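What follows is a short report on a single structure.
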Amino acid sequence: MASSSSPFFSIVVPCYNRADIVRETVLTILKQEYWDFELILVDDGSRDNTGEVVAQITDPRVRYFYKENGERGAARNYGAQQARGRYINFFDSDDEMYPNHLRVVKEFIDQNGEVEVVHTGYECLDGQNRVISEVYEFAGNTNEVLLLDNPLACNTVFVRNDIALANPFEEDRRLASAEDWELWLRLASKYTFHPIRQKTFCLREHDGRSLNTINPESVRVRDELFAQLVSRNPDFARRYPNQLPKFIADRYTFITLTMALSKKDRLQTVRYLFKAMEQDPTVLWRRRFLASVKHLL
């Protein structure tokens, strides 16, 4: 069994009203081929009997903490503060960890040293276990890809404990569903993301996923805040010189496309199109900008 004081991995799983699935999630994680880990369950103010369900799990590697609701970023930070492992992996409570998840990362670290950040690949499945997409044959440098999109599910990334504690998730609720991407960009501004080209878990698509339920106004507020946080990051400016206007313009065009599809506020949608052009005139030729214009007409 893992050492009670210093396991190699700490898996931090935030959960909120997950009594119906938390036991299955935990039992799946406990089937890891590499056993030296602890599982930190952070109950983010659940109103159901999540705590009672977890109490029935007797594996000593499982540690349960209850805190007042503060959204996933705050729950992950709380879990990181309790973590005793050398590396921290933040895993979502509604996804499935494959048995090789920890083993392939440990093998990579044994071969390459204790790098700051490592990430694996994954697949997305629908309700009938059919593969929707796969993300593991990473094209190009992950640090550069993160400027354009966030292909890294939160479950993907392993952060060395000292780096994770020095770089917590942003806890502002307005950033919800982009708090991981914002953190990856902060880390990518200072460290190298090392890819492992193997699938180690699956995301299961369902209607309750936060990315499937966010409304256009929340997208507007979220991406405005996202742009502000990146703008205020001096490490980003040093690591990615001349990239900030393009990144902010992309945030504005994401807002415009979401609003254009909703057909709710055409005037505000047009304003964000102009804001995107002010940041970076080349945005005029990007697919998302053109799609926004198409849905406005």
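The values are calculated or read from the model by the stated rules, or taken from the named source; none is laboratory data. Not measured: the values here are computed from a predicted model. Cβ atoms come from the backbone with ideal geometry, glycine included; neighbour counts cover every protein chain shown. Heavy atoms of the whole protein, side chains included, go into the accessibility calculation; ligands, DNA and RNA do not. Shrake-Rupley method; radii C 1.70, N 1.55, O 1.52, S 1.80 Å.
Label-to-label distance, residue 190 versus residue 264, with points set 7 angstrom from Cα along the beta-carbon direction: 3.6 nm.
Taking every full run of DSSP H in the chain, the ones that stretch at least 24 Å from end to end by Cα along their long axis and average -1.0 or higher on the Kyte-Doolittle scale are 244-262.
Can you give me the accessible area per residue for the stretch 217-261, using a 1.4 Å probe, in Å²?
Per residue, the stretch 217-261 has an accessible area of 41 Å².
For residue 98, the solvent-accessible surface computed with a 1.4 Å probe is close to 40 Å², ligands and nucleic acids excluded. Spatially, the stretch 217-255 and the stretch 75-134 are offset by 26 Å when compared through their Cα centroids. Of all lysines in the structure, the ones whose alpha carbon falls short of 27 Å from that of residue 264, not counting any fewer than 8 places away in one chain, are 246, 275, 294. Report in % the part of the accessible area of the chain that belongs to carbon and sulfur, leaving out ligands and nucleic acids; probe 1.4 Å. Carbon and sulfur: 50 percent of the exposed surface of the chain. Amide H contacts of residue 122: 135, 136, 200, each under 5 Å away and 5 or more positions distant or on a separate chain (H built 1.01 Å from N in the peptide plane; Pro and chain starts excluded).
Among the GluC sites (Glu not before Pro) in the stretch 42-92, those located in a DSSP loop and surrounded by at most 10 other Cβ atoms within 10 Å of their own Cβ are 68. For the chain, the share of DSSP beta bridges that are antiparallel, to the nearest 5, is 35%. Global dimensions of the stretch 206-297 from alpha-carbon coordinates: Rg and Dmax equal 13.8, 40 Å. Summarising the amide proton neighbourhood of residue 12: residues at separation of 5 or more, or on other chains, whose placed amide H is nearer than 5 Å comprise 40, 89, 90, 91. When 67, 263 are compared by accessible area at a 1.4 angstrom probe, the order from most to least is 263, 67.
Please quote Rg/Rh for the stretch 53-188 to two decimal places, taking the Kirkwood radius as Rh and restricting both calculations to Cα atoms.
Details: Rg = 15.6 Å, Rh = 16.5 Å.
Result for the stretch 53-188 is an Rg/Rh of 0.95.
Where a ≥ b ≥ c are the square roots of the eigenvalues of the C-alpha gyration tensor, would you call the stretch 1-132 rounded, which needs a/c under 1.5, or, failing that, prolate if a/b is larger than b/c, or oblate? It comes out oblate by the Cα gyration axes.
With coordinates expressed along the principal axes, the C-alpha atoms belonging to the stretch 140-297 extend over 49, 39, 30 Å, beginning with the largest. When both bridge partners sit in the stretch 111-232, DSSP labels roughly 50% of those beta bridges antiparallel.
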